[in-house]
Amino acid sequence: MGAVLLIDSLPTLSGPLAEALANAGHDVTVEHDGQAGLDRARSKAYDLIALDLLTSGIHGFELIQRLRTGFSTLRTPIVAYTDKVYPSDQREA
């Protein structure tokens, strides 16, 4: 199927999600840090980028902004998720 980049600092969450995506036939790459995820996204074309808004290194909203300024990631679909929601995050989203 497609190449998916998963950026999540918590292996307890990223592990099962990566496994489910791989079982569905996707080629999954996992990075546990925002900067590492950004570097990886710029080094290879992905069909989808999924990221935790509270990832370590670079906050999710800033990471999305940086991904949107890169030529190789400009049109790549991004799915953002989190297990914690704050009113300020809801407004920014």
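Please determine whether any residue of region 55-63 is polar (S, T, N, Q), touching a residue at least 24 places away in the same chain (Cβ under 8 Å) and either surrounded by 11 or more Cβ atoms within 10 Å (Cβ to Cβ) or in contact with a Cys (Cβ under 9 Å, 6 or more places away or on another chain) (or both). The answer is yes; a qualifying residue exists. Determine if region 12-28 includes at least one residue that is surrounded by 13 or more Cβ atoms within 10 Å (Cβ to Cβ) and out of contact with any strand residue (DSSP E or B) (no Cβ under 9 Å at 6 or more places or on another chain). No, there is no match, as no residue in region 12-28 is surrounded by 13 or more Cβ atoms within 10 Å (Cβ to Cβ) and out of contact with any strand residue (DSSP E or B) (no Cβ under 9 Å at 6 or more places or on another chain). Here region 42-54 is the region considered, the condition is being touching a strand residue (DSSP E or B) at 6+ places or on another chain (Cβ under 9 Å) and closer than 14 Å to residue 79 by Cα, and the residue that is surrounded by the most Cβ atoms within 10 Å (Cβ to Cβ) is 51. Just one of (1) open to solvent by 80 Å² or more (accessible area, probe 1.4 Å); (2) touching a residue at least 40 places away in the same chain (Cβ under 8 Å); (3) among the charged types (D, E, K, R) fails for residue 75. It is (2).
The values are calculated or read from the model by the stated rules, or taken from the named source; none is laboratory data. Remember, it's a predicted structure, so these values are computed and weren't measured experimentally. Cβ coordinates were reconstructed from backbone atoms using ideal geometry, including for glycine residues, and neighbour counts include every protein chain displayed. Keep in mind that these areas ignore ligands, DNA and RNA; they rest on the heavy atoms of the full protein, side chains included. Shrake-Rupley method; radii C 1.70, N 1.55, O 1.52, S 1.80 Å.
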